[in-house]
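What follows is a single structure, written as structure tokens, with notes after it.
Just so you know, all these numbers are worked out from the coordinates, no wet-lab data involved. None of these values were measured; they are calculated from a predicted model. All Cβ positions, glycine included, derive from the backbone under ideal geometry; neighbour counts span all protein chains shown.
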Amino acid sequence: MNDLVNNLHADVYANIKTLMENARTDVAKQVNNILVKTYWEIGRIIVEDEQGHADRAGYGKTLLKDLSKMLTKEFGRGFSVSNLQFMRRFYQEYEIQQTLSVKLSWSHYCELLTIEDKNKRNFYEKETVNANWSVRELKRQINTSLFERLLLSSGDENKEKVLDLILLNKSLDGAAYPC
């Protein structure tokens, strides 16, 4: 009888544990999504403000430095000058907010923004979403030149396949997925 009760308790516990783990994962995803959108908005505000004050030459040079000091004092870490520069660039590279993937974290986007070539960046972004790469795996794939290796591996045919992948929102295995 005691084993039956213990098994029932174990089942209840396992169900609740799974429920709590799923809830935590969902909350983390929502928080990440909100942060990415917030950083995009911060980038938009910075860009629009800089463009509105283009006639003041010294203004842009001190804006990020001053913002960094004020925001760090108010909200803590995360608002260094370099992070604000990433937010500005983030908005400039992804001017349409709906093109942002909810599956990528701010750290993913920071890594992707280091890639100048838009096709290359687009390739890594889509493969990161498709393969569910961590930031560490994304860095590894970039550092091992996956994009370039694929373009070189099978000549023109493979180059066309990789370029089609970039344009058609498909993964390397041919499955379609949304931007």
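Hey, with R₀ at 22 Å, roughly what FRET efficiency would ASN22 and SER134 work out to, going by the Cβ-Cβ distance, to 0.05?
Values: r = 20 Å, r/R0 = 0.89.
Computed FRET efficiency for ASN22 and SER134: 0.65.
Please work out how much length the chain gains when fully extended from GLN98 to ASP49, using 0.36 nm per residue of separation minus the C-alpha to C-alpha distance, in nm with one decimal.
Values: separation 49, 0.36 × 49 = 17.64 nm, distance 2.20 nm.
Here the answer is 15.4 nm.
Determine the distance separating the Cα centre of segment 74-104 from the Cα centre of segment 4-51; give it in Å without decimals.
Each part's Cα centre sits 19 Å from the other's.
Take every Cα pair under 8 Å in segment 1-96 that's 6+ residues apart, average their separations, divide by the length, and report that relative contact order as a whole percent.
On the way: 42 pairs, mean separation 30.3, N = 96.
Relative contact order comes out at 32 percent.
As a quick test, which of the pairs LYS37/LYS126; LYS29/LYS118; LYS29/LYS139; LYS69/LYS126 have an alpha carbon distance above 28 angstrom in this structure? Mind dumping the intermediate values first?
On the way: LYS37/LYS126 18 Å; LYS29/LYS118 26 Å; LYS29/LYS139 21 Å; LYS69/LYS126 35 Å.
Table pairs above 28 Å Cα-Cα are LYS69/LYS126.
Give me a comma-separated list of calculated 3J(HN,Hα) values for segment 62-76, in order, Karplus coefficients 6.51, -1.76, 1.60 applied at θ = phi - 60°, integers in Hz, x for any Gly or Pro.
Those phi angles translate into 9, 4, 5, 5, 5, 4, 4, 4, 5, 5, 5, 5, 7, 10, x Hz.
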